[in-house]
Amino acid sequence: MSARRAKRSKPRPFWERGYRGHVYWLGKQKLGKVALVETGRYDWEAAGKTGRCDTLDKARAAVELAVAVSDRQLPLFE
């Protein structure tokens with residue numbers, strides 16, 4: 001029998017729920033956040049971008065997309 005090696009996977013970001021919002025973390029680094037601003041409206045902020053959505057699911061998806069794009073895209077003016 002061959003011995004199996006344990007794969008080391010890189011850390012994955014996760015959502016943490018807070019008071020009137022959620023935060024997207026990678027270890028101890030904050031990647032983005034979603035906050036409830038009015039009844040049924042959510043502001044999101046991630047990777048230097050901001051926006052407003054009607055549902056929490058859409059706002060969280062927008063944060064995840066902004067973080068994913070910022071990892072793959074080179075900054076133009078830095």
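What follows is calculated from the coordinates using simple rules that are stated; it is not laboratory data. Every value quoted in this text rests on a predicted model; they were computed, and no experiment measured them. Backbone-built Cβ (ideal geometry, glycine too); neighbour counts: all protein chains shown.
With 28 Å as the limit on Cα-Cα distance, the pairs of Lys7/Lys58; Lys7/Lys49; Lys10/Lys33 that go past it are Lys7/Lys58; Lys7/Lys49.
What ranking do 6-16, 57-67, 29-39 get when scored by the average of other Cβ atoms within 10 Å per residue, highest first?
In decreasing order of mean packing, 6-16, 57-67, 29-39 become 57-67, 29-39, 6-16.
Our helix-only sum for the chain, with -39,500 (n - 2.57) per DSSP H run of n ≥ 4 divided by its residues, gives a mean residue ellipticity at 222 nm of -7500 deg cm²/dmol. For segment 1-61, the equivalent ellipsoid built from the Cα gyration tensor has semi-axes of 33, 12, 10 Å, listed from largest to smallest. Computed from the Cβ-Cβ distance with R0 of 25 Å, the FRET efficiency linking Ala35 to Ala68 stands at 0.75. The long axis of helix 56-72 is offset from the longest Cα principal axis of the chain by roughly 60 degrees. Residues considered: Gly21, Gly51, Gly40. Largest GNM mean-square fluctuation over the chain, using C-alpha springs under 10 Å, is found at Gly40.
With an 8 Å Cα cut-off and a minimum separation of 6 or more residues, compute the relative contact order for the chain in percent.
It comes to 17 percent, rounded to a whole number.
Counted by Cβ distance under 10 Å from His22, the other residues give a net charge of +3, where Lys and Arg count +1 and Asp and Glu count -1.
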